[in-house]
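Please treat every number below as a calculation from the coordinates, not as lab data. Note that the coordinates shown come from a computational prediction; the quantities given were computed from them, not determined experimentally. So basically every Cβ, Gly included, is an ideal-geometry build from the backbone, and we count neighbours across all protein chains shown.
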Amino acid sequence: MRMRHTPVRLAVTLGFAVGATMVAAGPSSAEPGPTSALTATHTNCVLTVENGKQACFTTAEQSKEYAASAGVLVATLYDWVNYNSQGAHLAIFAPRGCTTSTTDKDYRYADMPSGWNDKVSSVSTPENGTHCDVWFSSDRNFEGECGNRWIDKHWDLSQIGCFNRASSFELS
């Protein structure tokens, strides 16, 4: 009779052990991967000008890891005044900084990256010499006035008539 109970107990024990393993392995706790557009959950965005691709992440740490091989930071656009990185932001990386002259355009975007049309409230550029000045246009293809000047840094674009109006931009 012992022989008969032993296999049953063994099967129950193995079934419990496998079940516990399956429960413990449940859904992954890893951070979600990047999206190609700004979303309600993916607000830490990186634009690589070399290939024109945008990647948005749920955490700033993820975007920093991604950006580590993207080149040099040339500008950051914020969907909030006062350079608030707690809201959505788009860090723009290029293989090199822009030229010192604004008569030439180093990089041009006829359309804002996905999710960024009419969202920019402030803009900053690094002070380490790699930055680019930014020219916003209120319409696609560099049409329409939006500030009508090169911007190095501005904490509130409503002061120059460009708050949440940018639909294209140039970097120089």
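The stretch 148-172 and the stretch 39-70 have Cα centres spaced 21 Å apart.
Distant-in-sequence amide contacts of Val72, defined by a placed amide H-H separation under 5 Å and a gap of 5 or more residues or a different chain, comprise Ala94, Arg96. For the stretch 59-172, the C-alpha radius of gyration sits at 0.98 times the compact-globule guess of 2.2 N^0.38 Å, with N the residue count.
Ordering Phe169, Ser121, Trp150 by the projection of their Cα atoms onto the charge dipole of the stretch 113-172, which places +1 on the Cβ of Lys and Arg and -1 on the Cβ of Asp and Glu, puts Ser121 at the extreme positive end. Residue separation of Glu61 and Ser114 scaled by 0.36 nm, minus their Cα-Cα distance, works out to 17.0 nm of gained length.
Diffusion coefficient of the stretch 110-172 by Stokes-Einstein, Kirkwood radius over Cα pairs, 25 °C, 0.890 mPa s: 214 µm²/s.
Here the stretch 63-102 is treated as a Stokes sphere of Kirkwood radius computed over C-alpha pairs; at 10 °C and 1.306 mPa s its diffusion coefficient rounds to 140 µm²/s. A straight chain from Thr39 to Asp139 at 0.36 nm per residue would run longer than the Cα-Cα distance by 33.8 nm. Taking 0.36 nm per residue of separation and subtracting the current Cα-Cα distance, fully stretching the chain between Asp152 and Lys53 would add 33.3 nm.
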